[in-house]
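Down below is the structure, laid out as structure tokens.
The values are calculated or read from the model by the stated rules, or taken from the named source; none is laboratory data. All values derive from a computational prediction rather than experimental measurement. Counting neighbours? That spans all protein chains shown, and the Cβs are built from the backbone with ideal geometry, glycine included.
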Amino acid sequence: MAYKPKEFYVDSTDEFQEMVDEKDFRIAEAIVEGILANLNTKKKYVHLLSVIVEEENSVFDITCERKHFAETLEENIAYYVREERYEDCQRIADVITELKGSDISKILNTISGSKK
């Protein structure tokens, strides 16, 4: 099944900004899940989440360029540590290592489970 980006419904852009400022784990989780679900995509940009601002009747799509997957995961792993989600931290760290130090065939092998 294809990955469906998470949707955040907020009353205003200020409300979403508060979520960002307060380091709301749900945002980091949506970003990480989106990247992990799209490791083998051929798309240059991956849609990670949408922010639906009801007051403005607008939608903001948050995307990440594939070449920034590793650094984005590095930025978000701290949220998983704070939430004590250590198994997820290990998986994220493994993916970061693969993205930074391996060719695409090794990444695909890791995703498909043939590494273990």
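What the table below lists for this structure:
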{"item": "Contacts under 7 angstrom Cβ, first residue in the range 25-37 being free of Cβ contacts under 8 Å to residues at least 60 places away in the same chain and farther than 16 Å from residue 66 by Cβ, partner among the hydrophobic types (A, V, I, L, M, F, W, C) and part of a helix (DSSP H, G or I), 6 or more apart", "result": "27/19; 27/20"}
{"item": "Filtered residue count, the range 1-22, keeping only those that are out of contact with any strand residue (DSSP E or B) (no Cβ under 6 Å at 6 or more places or on another chain), within 24 Å of residue 67 (Cα to Cα) and in contact (Cβ under 8 Å) with a residue 12 or more places away in the chain", "result": "1"}
{"item": "Subset tally (residues that are surrounded by fewer than 16 Cβ atoms within 10 Å (Cβ to Cβ) and either in a loop (DSSP other than H, G, I, E, B) or polar (S, T, N, Q) (or both)) for the range 1-37", "result": "11"}
{"item": "Residues satisfying the stated conditions in the range 62-86, i.e. within 21 Å of residue 23 (Cβ to Cβ) and charged (D, E, K, R)", "result": "71, 74, 75, 82, 83, 84, 85"}
{"item": "Residue, modelled with the lowest pLDDT, within the range 75-90, restricted to residues that are at negative phi and loosely packed, with under 15 Cβ neighbours inside 10 Å", "result": "86"}
{"item": "Count of the range 38-50 residues which are part of a loop (DSSP other than H, G, I, E, B) and either crowded, with 17+ Cβ neighbours inside 10 Å or without any contact (Cβ under 8 Å) to a residue 60 or more places away in the chain (or both)", "result": "6"}
{"item": "Residue within the range 41-48 that is closer than 22 Å to residue 87 by Cα, at pLDDT below 95 and polar (S, T, N, Q) present", "result": "no"}
{"item": "From the options 81, 53, 59, residue that is hydrophobic (A, V, I, L, M, F, W, C), closer than 20 Å to residue 4 by Cα and without any contact (Cβ under 8 Å) to a residue 24 or more places away in the chain", "result": "59"}
{"item": "Matching option when the condition is of a type in the set (Ser, Thr, Tyr), modelled with pLDDT of 95 or more and buried (at least 16 other Cβ atoms within 10 Å of the Cβ), among 110, 72, 63", "result": "72"}
